[in-house]
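Working notes for the structure below.
The values are calculated or read from the model by the stated rules, or taken from the named source; none is laboratory data. This one's a predicted model, so the numbers in the text were calculated from it and none came from an experiment. Note that we place each Cβ from the backbone using ideal geometry, even for glycine, and neighbour counts take in every protein chain shown. In case anyone asks, the SASA skips ligands and DNA or RNA and just uses the protein heavy atoms, side chains included. Shrake-Rupley method; radii C 1.70, N 1.55, O 1.52, S 1.80 Å.
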Amino acid sequence: ESTKLDTIVIDKTGTITKGKPTVVNTVLLNSSLQIEEELLTIAASVERGSEHPLGRAIVKEAEGRGLELFEPKEFRATGGLGVQAHVNDHEVFVGKPSWFTGLNIDLSDAQETIGALQKEGKTVIVVGMGKSPVGLIGLADTVKKGSIEAVKALHDMNLRVVMLTGDNAQTAQAIASEVGIEEVLSEVLPEEKSSKIKEIQQKGGRVGMVGDGINDAPALAQADVGIAIGTGTDVAIETSDLVLASGELPGVPRAIRLGRATMRTIKENLFWAFFYNVVLIPVAAGALYPLEFLPGILRQLHPILAALAMAVSSITVVSNSLLLSKKKFE
C-alpha cells in the first residue's frame, strides 16, 4: 500500500514537534490575582487531573517553582478544548481561547495579547475563574530533529504533505512554515481526525497518516497506511500498519522508499521467473527438436540442462532480492 500513497498527513504534537511543551509566558489579566505564581498555582491545580501534554507542562512548571498545589474537586475534561474543576472554592477553567466563547466568558480584552503570542508560534491557554478570564499561559513546543529534512524528502518524492493539529490556525501555521508544510488542517478536535482523513480519501487521495497519540488511533486506522511513531502510545502502535522504531519523522520517507524498492524488486523477480518459463517450456515441449544442427542435449532439453536452468532462475531471483540490503534509503 505504501507504494500507492499520494498524500501524507502528519499529526503535529509528538510527531513533527517533540510533544514536550514548556511554559514560556504567563500574563495576568485584570483580575484579583497579583502575581504570576498565583496564576500558575490555580492552573496547575486543575491540570493535576489531566493527561494532556499541555496540562503536564503547566504542572511541571508550577512544581519546578516549588508552588504548593491545591487538590481539584469535581474535575471535568472537555475533549480537545479544556478542563475545569473547583479549586480553593473557585470554579476554574483552563483551556483553549475558543472554548471560552461557548462558556460565555468574554475574552475581548485579551484578544490582542492572545494573537501576539500565537503569531510567535506559541499555544495559548486561558485561565478563567467564575465568569472572568484571569490570565494567559503561553507554551512552546520545539520541532523534532529531522522534521524539516523529512518534509522536504516527502515533497521531493512528489507526495502531498498535510499537517493535522488541534492548535489554532496561527500557531499551526507558524510550525508548518518552519518545517516547510503548506497545507494545514488546524483546530481539529480528537474525534474529528479520522473524518478529515476520510474527506481526503473521498476526493481520491491515497493517505498515509503519521501519529503517536491515543487520539490518533482512529485516524491511523482510517488511513490507507497508518504509520505510528515508535515512541508513541501503545494504542497508536497497535492500530498502525507500520511502526517507526526510531521515533523520528525521517523514517517516513525511508519506509516509503523501501516499500517502492521492494515492489520494484518483486516485479523484476516475477519477470525473470516468467522469462525462464516462457523460454524453456517450449524447448521442453520439443520446439527445437527439428533443428538437427543443434546438440541433442539441447534439442530434447536434457534433464541436466533443465535442472541447471531452474537453479539459475532461483539464483537470479534470490540475488536480485539480496540487492535490497545494499541500497540506501536515506
What's the local net charge at residue 63, with K and R +1, D and E -1, over the other residues with C-beta under 14 Å away? 0
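Of the heavy-atom accessible surface of the chain (probe 1.4 angstrom), what whole percent is carbon and sulfur? Don't skip to the answer; put the middle values down first.
Values: 9550 of 17270 Å².
For the chain, the apolar C and S fraction of the accessible surface comes to 55 percent.
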Too-long pairs where the Cα-Cα distance tops 22 Å, listed order kept, from 12/119; 122/198; 152/193; 12/193; 12/326; 152/326: 122/198; 152/193; 12/326; 152/326
Write down the accessible area per residue of the chain in Å², having rolled a 1.4 Å probe over the full set of protein chains. 52 Å²
Which entry in [x] 21.8, 66; [y] 29.2, 109; [z] 21.9, 88 is this structure's computed Rg and Dmax of the Cα atoms in Å? [y]
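Which value, in debye to the nearest 20, gives the size of the charge dipole of the stretch 222-264 about its Cα centre, when Lys and Arg are +1 and Asp and Glu are -1 at the Cβ?
Numbers: 4 positive and 5 negative charges, 79 e Å.
That gives a dipole near 380 debye.
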Listed residue (41, 3, 92) projecting farthest to the positive dipole end of the chain, Cβ model: 3
Sort out for me the Cα centre separation of the stretch 87-143 from the stretch 259-276, rounded to whole Å. 57 Å
Fluctuation leader among 278, 124, 243 - the chain, Gaussian network, Cα springs under 10 angstrom: 278
Taking a ≥ b ≥ c as the square roots of the Cα gyration tensor eigenvalues, with a/c under 1.5 meaning rounded and otherwise prolate when a/b beats b/c or oblate if not, the stretch 44-193 comes out prolate
Please name whichever of 186, 127, 295 sits farthest to the positive end of the charge dipole of the chain, dipole taken about the Cα centre and charges placed at Cβ: Lys and Arg +1, Asp and Glu -1. 295
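Given contacts defined as C-alpha pairs under 8 Å and at least six residues apart, what's the relative contact order of the stretch 227-330, whole-number percent?
On the way: 75 pairs, mean separation 24.7, N = 104.
Computed value for the stretch 227-330: 24 percent relative contact order.
When only DSSP loop residues count, what trypsin sites (Lys or Arg not before Pro) in the stretch 18-77 have their Cβ near at most 13 other Cβ atoms within 10 Å? Each step should come with its number before you reach the end.
Numbers: sites: 18, 48, 56, 60, 65, 73, 76; in loops: 18, 48, 65.
Taking the stretch 18-77 and a limit of 13 other Cβ atoms within 10 Å, the loop trypsin sites (Lys or Arg not before Pro) found are 65.
Where a ≥ b ≥ c are the square roots of the eigenvalues of the C-alpha gyration tensor, would you call the stretch 220-273 rounded, which needs a/c under 1.5, or, failing that, prolate if a/b is larger than b/c, or oblate? Don't jump to the answer; show the numbers that get you there.
Values: a/c = 3.43, a/b = 2.17, b/c = 1.58.
Prolate shape, in that a/c is at least 1.5 and a/b is the bigger ratio.
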For the stretch 211-322, just say rounded, prolate or oblate: build the C-alpha gyration tensor, square-root its eigenvalues into a ≥ b ≥ c, call rounded for a/c under 1.5, and beyond that prolate if a/b exceeds b/c, oblate if not. prolate
Over the chain, with a Gaussian network built from C-alpha contacts below 10 Å, which listed residue (64, 205, 95) shows the highest mean-square fluctuation? 64
Report the relative contact order of the chain, percent, no decimals, based on alpha-carbon pairs under 8 angstrom and at least 6 residues apart. 17 percent
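Would you tally the net charge around residue 177, using a Cβ to Cβ cut-off of less than 13 Å, leaving residue 177 out, and scoring K and R as +1, D and E as -1?
Values: positive: 12, 119; negative: 120, 178, 182, 183.
Net charge around residue 177: -2.
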